[in-house]
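The values are calculated or read from the model by the stated rules, or taken from the named source; none is laboratory data. Everything quoted here is computed from the prediction, not taken from an experiment. FYI the Cβ positions are ideal-geometry reconstructions off the backbone, even for glycines, and counts take in every protein chain you see. We work out accessible area using only protein heavy atoms, side chains counted, and drop any ligands, DNA or RNA first. Shrake-Rupley method; radii C 1.70, N 1.55, O 1.52, S 1.80 Å.
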Amino acid sequence: MAAPSGRRNGGDAASLWPALLLAAMALRPAEAVSEPTTVAFDVRPGGVVHSFTQNVGPGNKYSCVFTYASQGGTNEKWQMSLGTSEDHQHFTCTIWRPQGKSYLYFTQFKAEVRGAEIEYGMAYSKAAFERESDVPLKSEEFEVTKTAVSHRPGAFKAELSKLVIVAKASHSEL
C-alpha cells in the first residue's frame, strides 16, 4: 500500500493516512519477547554433578546454567529455552523434560542466571504433558535467591521435571 499523495479533495484519504497507520501499528502482534532459543540436552544419572549452560541476548549478555546430580534409570532428553524481552532488559530461562515427569532421582539441582537478577522462579516435580498440568514443588523443597533457584538440602524430595526463571538485567547501561 503506497502512501497517499498530498492532493486534497473533499474528505480525502490523505488526512486519514496517519490514523490508519497508527491503527495498523496498534493492531500488529505484540513482540514483547524475542523468539526463544530451545536446545535439547541429556540429563545423565550416575550421581555425578553435571552442568548445562546457554547464553542469550545481545553479546550473549545473559546466561542460564543448570547444575544437577541424579540417580537411577538412563539418560533423559531435556530442553532449555531462553528468550529476551524486546528491550533486552528481561530474560526467561525454562528447563524441562518435554515428556512430563522425570523418572530420575535428583540429589541436587540449581538453575543459576548470570547478568540478571531473578524476579520470578519456580520448580516443578511434574511438567505439563498432554492433558496434565505442571505440578509445583512444595515451597519448602526449594529456594529462590537473586541469582538461583535451587534445592533445599534435607527438604527436597528428589523429584524435578521443570524450572522456570524470569530475570531482569542486573544494571542498565546509561
For region 119-174, report the accessible area per residue in Å² (1.4 Å probe, heavy atoms, rounded to an integer).
62
Carbon and sulfur: what percent of region 36-163's accessible surface (1.4 Å probe)?
48
DSSP loop trypsin sites (Lys or Arg not before Pro) in region 64-134 with at most 15 other Cβ atoms within 10 Å of their Cβ, which ones?
ARG131
